[in-house]
Structure formats: structure tokens, C-alpha cells
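For reference, the structure is listed below as C-alpha cells.
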Amino acid sequence: FLHFSYIQKMKEELLHFIWQFQNFKQNELESFDGKQIQVLNSGQHNGDAGPDFLNARIKIDDTLWAGNVEIHVHQSDWQKHGHQKDPKYKNIILHVCYFMDTEIPELNAHVPTLVLNGIVQPSLLDKYKKLQQNKHWIPCARMITPEILKSQMPFYGFALCMERMEKRCAEISEIFKKSKSDWEATAYAMLARSFGSRANKFAFEQLMQSIPYKILIKHAGNMFQLEALLLGQANLLPKAANDSYVQKLIEEYRFLKKKYNLKAMKREAWNYSKLRPANFPDLKIVQMAHFIHQFPQLFSKFLALKNAIDFSKHTKIKASSYWDNHYRIDTASKVKREKTLSPSFLNLLIINAIVPLVFYYGKKNDNLEIKESALNLLEQIPAENNSIVKRWENLGYKAENALESQALIELKKEYCDKILCLKCRIGAKLFNS
């Protein structure tokens, strides 16, 4: 009764999984009307519109059939989904359902139905229920072992990282369009998002969009003008200041704003909540200005990068001396120290800006070598040090480099959090064990 009540609520994805891996009693299969069934090939799972499995090979009585298979929880779903009116379902050779709740004469006269209820092991349904209803960090937390992770991740990790890159490519495609198909402008937008991190990435992107790219490049050689331009457009400069450095920034920005007829952002766009002082927008904007000053031809620099370790080790970005005792403009701090970009931040810049952009460039130009070069950068730098990566390590798998940590993040966010266990290779292995 427990299985019956729960299976009523199950999703078709479970039946797709059961059919794909043939997780039911294989001997002496019969259709609902008594025909002998032998599954020679379950077919190819179809993620698009149309039948669930394509090009299956099934022997029904003495006849070998090749065609498509449609799967439902209830037989009546055939009519509810309107398949009887859809020409894409004319080549169905077998209908599979869990409950034969009704007979459909026009379907049953031409297509046999295989009923799974009674031939699927109850333990399989129990596993699915536990995965779907769990409240752990990941659904399989109590099933998975370090041995399973270590055996699966070396192969699965690369596929997960590729999935993550494809999603990033979709994001960059929109940025590329906004940048009017200019690679350098796109690189600047990606740089800004990376400097903004999670809390301010869209505000940083908005900041870069508020300044025409040609104006930014024109002043990239003058560090002071670049600081004034970026801080002014961010609307973070005060109206007046006692400090001579800040007052000069205010005056310089007024001149540039009038010269180029610029419109500053709204100050409310910036988020300071729950941020460490080192990540305050004021300081990050100044550090980004120094980065642009050092590498004005940004995309060319990204594309030419081959050694991630040397880049992080030898790139020295230091804010001007005013910021030694400031995290926010016009607000002094008690501690005085140089504000440099750490190697770990530069590694994140590679992960979040350089690699995705170079990979997208390789994809857009159908250049496999460039795409591989981008992924090689991930393998050269240490794994990220965040809560997701740490939790995987607690479960028994330690990421050795950024490619592996990116894979673990993708696995957690796109599979575990969405409880897509049956689409996960690790989940599928646990489910089949």
C-alpha cells in the first residue's frame, strides 16, 4: 500500500530510468493483452518533444519491431497528453505505463501496452522515495561512499565541467550581444563581474555599461583619471571631501562627466551587506582600475594566457597609497596595510572570467584547441576553497584542482539541489546497485 500511494505521485523520469536500464523482471514479459515481449534495445532517450525513447528494437510474439516507445505513469495519460492527435506518435511500437487504469481501444488495437506494476522491485521504489524526500545536504548523503566518489569523479568530473562551461557560454553570449560583438568590451564586462563577485557582479557589469568602451580605453593609460571615472560613475564619490586625493578625484570626475555627457549609476545598486571590508565595492573598483591600467588590451591578454600559476604569482595589482588605510572612500580604517590582489583572487578571476570567455571564443570559432587550452588553465590552479567543495571533502572526495572543484559545484547545484538523481551518473550507479 505504501508503494501504491507513493507511486501515484511519482514522476515519469523514474519510469524513464527504469525502462532505460531495464530495471524490471525480464523473463516472460507479456503485454496487457497477452503478447510475448522481448526487449532487444530500449532505444535512445529523447530529451526533446515527441516519444520518450527513439529507435528501440522489440520482439513482440514472433515479429521484430523497430521504432519508438512512449512511457506514462497511467495508461490514461496517453489521452490527457493529446498523443492520439499528434502525428509524432504514429510510429509507436510499444506503450509502457505503471498503472493500467483504463483501456484505450484506439491505442490498444494497434500498440501493445507493457504494465510495469508488479514487475518492478519494491526496493527500487523505496530508494527513489528516500532520495526525493530526503533533507540531507545531498539526497544520497547516506548512501554514497568515498570509494564510489573516487571511482566516478575522474571521468564524470570532466563531463560536469563541460556542462558548466556550456551554461557559462550561454551567459557570455548575451554579454557579447550587449557589447556589440566586441571581444575586448566583452572581456571588460567579464572582468567587472568577477571583481564584483556574487554580491555585486551585476552592479559592476552595470558600471562598465555606463561608460562607453572607447572612453574607458582612452583613459586606461592615466591611473588617476581611470579611478575618478570608475568611482564617479559608480556614484561612490562624496560631494566634497577634506582629503586632497578624494577632492581631486571629485574634480576630475566632474570634468570627465561634463566632457562625455555621462550619467552615473544609482548609489543604491551597491551591496555592502555581509561583505568583508576587503570586498567592499569602493576598494574593488579601484583595484579593477589598476588591473585595467596594467592590462588595457584585456581580451588579447586572456587569449594568450597559457600558464595560470605564473599569472597569479607575478601579476602585482596594488591600490594607491590612500587605500592603505581605507576600504571605503572617505572612511579611514584603524589598520594600515597595502591593498593588493591575492593569488587566490586572481585564481578566481581565471576561473570566473578568463576560462569561460576563452572557452566561448573557442566554441564560437569552432576551435577545439582553444577550448582545451581554457580547460587546461583550470587544471593548473588549486581547487576553490568554498563551502560546497569543503562539504564534498567531508563526504570523502577532495578536489585536486579547479576543474574538479567546478565539477563538484555543478554537481551540487544542477543535480543534487534539484534532486535529479536519476540523471546523475553517481545517482544512477547507487540506484542500480
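The values are calculated or read from the model by the stated rules, or taken from the named source; none is laboratory data. For clarity, every value in this text was computed on a predicted model and none was experimentally measured. Virtual Cβ from ideal backbone geometry, glycine too; neighbours counted across all protein chains shown. Heads up: the accessible areas ignore ligands, DNA and RNA and are worked out on the full protein's heavy atoms, side chains in. Shrake-Rupley method; radii C 1.70, N 1.55, O 1.52, S 1.80 Å.
Comparing Q132, I92, L236 along the charge dipole axis of the chain, the residue lying farthest to the positive side is L236, per the Cβ-charge model. Computed from backbone phi with θ = phi - 60° and the Karplus coefficients 6.51, -1.76 and 1.60, the 3J(HN,Hα) list for region 272-278 is 10, 4, 6, 9, 6, x, 5 Hz; x is used for glycine and proline. Residues considered: K88, K263, K201. Largest GNM mean-square fluctuation over the chain, using C-alpha springs under 10 Å, is found at K88. Within the assembled protein chains, the solvent-accessible surface assigned to H110 is about 150 Å², based on a 1.4 Å probe.
Annotation: the chain has a Kirkwood hydrodynamic radius of 25.7 angstrom, from the mean reciprocal C-alpha pair distance.
Using DSSP to define loop residues, name the trypsin sites (Lys or Arg not before Pro) in region 104-166 whose beta-carbon has at most 13 other beta-carbon atoms within 10 Å. Could the numbers behind the result be given before it?
Details: sites: K127, K129, K130, K135, R142, K150, R164; in loops: K135, R142.
In loop regions of region 104-166 (DSSP not H, G, I, E or B), the sparsely surrounded trypsin sites (Lys or Arg not before Pro) are K135, R142.
Each semi-axis of the equivalent ellipsoid for region 392-433 is √(5λ) with λ an eigenvalue of the Cα gyration tensor; in descending order they amount to 19, 12, 8 Å. For K59, a cut-off of 23 angstrom between C-alpha atoms picks up these lysines, skipping any fewer than 8 places away in its own chain: K25, K35, K88, K90.
With a cap of 14 neighbouring Cβ atoms within 10 Å, and only residues DSSP puts in a loop, list the trypsin sites (Lys or Arg not before Pro) found in region 302-379. Spell out each step's value before the answer.
On the way: sites: K306, K313, K316, K318, R328, K334, K336, R337, K339, K363, K364, K371; in loops: K306, K316, K334, K336, R337, K339.
The qualifying sites are K306, K316, K334, K336, R337.
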